[in-house]
Amino acid sequence: MQNQRTVDLGVRTVTYTLTHKAVKRLNLRVKPGGEILLSVPHRLSAAAADRFLISKADWLLRTLEKLEHVPEREGPPIPWQDGRTVLLLGKSFRLTVSKGTPAVWTEEDRLHVSLPCPEDEPQVRRALAAFWDRRCRAVFSESLERQLPPLLALGAERPALTLRTMTSRWGSCSWARGRITLNRLLLAAPMETVDYVVLHELCHLLRHDHSPAFYALVEQWMPDWRRRRAALKALRGAECP
Ligand SMILES: [Zn+2]
């Protein structure tokens, strides 16, 4: 017997194929491309299968990160050239590239890049990537510092912050190393959504799972976290320099 089930892993929901078989043990695997398969003994309930999957959330998210491809878009990637749209903190900016001394700045609804060779796309992208990293660090650190005090009071220690471009998760928390990693793509999201992801990872410093107790902790400081998290779905397939 086979059916599709959806479970909430905290940072994202996943759909998996549950198969009841004449087996003694639960067998969870992820196929290249990100399809999740779980086979279980006949006697195991679907709810118990869901719970098993949730208990493997960290492994599952790590594995999806490796096996899942960047969401495919129609046609070739959009070049980082004059006129393209860039989403930054939930707002659309029009990329405006001009000739001049190297600089990147925003002005109203424009994201300006000035370079000696504005037609050199890899150079435009590199300039934007450096700008993006600086903004990520400033915005994410500000969110972290703002939300950290109550967690410090509960015994958490101030974490280090790492930036990475990831395809299937918005953040991760390596509590043993005292490190939070945030997806650079998150800078495309509205600030209130950035705050949710940062708070989510900060709460992992105190609770390492996605148990109801973990979400109770998140909810204590952010009663509307579900609404904020929903905005992340709109960003699947978004790009950053
Ligand atoms: Zn989490």
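Below is a table of values for the structure above.
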quantity: Residue within the range 45-52 that is surrounded by 12 or more Cβ atoms within 10 Å (Cβ to Cβ), part of a loop (DSSP other than H, G, I, E, B) and not assigned by TED's automatic domain parsing to the domain that holds T167 present; calculated: no
quantity: Single residue of P118, P122 found to be assigned to a loop (DSSP other than H, G, I, E, B) and not basic (K, R); calculated: P118
quantity: Single condition L61 does not satisfy, out of (1) in contact (Cβ under 8 Å) with a residue 24 or more places away in the chain; (2) in the same structural domain as E121 (by TED's automatic domain parsing); calculated: (2)
quantity: Boolean, R62 is at pLDDT below 90, within 26 Å of the chain's Cα centre (by Cα) and basic (K, R); calculated: yes
quantity: Positions within the range 2-44 being without any contact (Cβ under 8 Å) to a residue 40 or more places away in the chain, of a type in the set (V, I, T) and surrounded by 10 or more Cβ atoms within 10 Å (Cβ to Cβ), in sequence order; calculated: T13, T15, T17, T19, V23, V30, I36, V40
quantity: Condition broken by R179, with the remaining ones in (1) closer than 30 Å to P241 by Cβ; (2) at pLDDT 95 or above; (3) within 11 Å of the ligand (Cβ to nearest atom) satisfied; calculated: (3)
quantity: Considering residues of the range 8-33 that are within 16 Å of the ligand (Cβ to nearest atom) and among the β-branched types (V, I, T) only, the residue farthest from L44 (Cα to Cα); calculated: V11
quantity: Matching residues, the range 182-215, being over 14 Å from L61 (Cα atoms), within 14 Å of the ligand (Cβ to nearest atom) and out of contact with any strand residue (DSSP E or B) (no Cβ under 9 Å at 6 or more places or on another chain); calculated: Y196, L199, L206, R207, S211, P212, A213, F214, Y215
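The values are calculated or read from the model by the stated rules, or taken from the named source; none is laboratory data. What you see is a predicted model, and the numbers here were worked out from it, not measured in a lab. Neighbour counts are summed over all protein chains in view; Cβ atoms, including those assigned to glycine, are modelled from backbone coordinates with ideal geometry.
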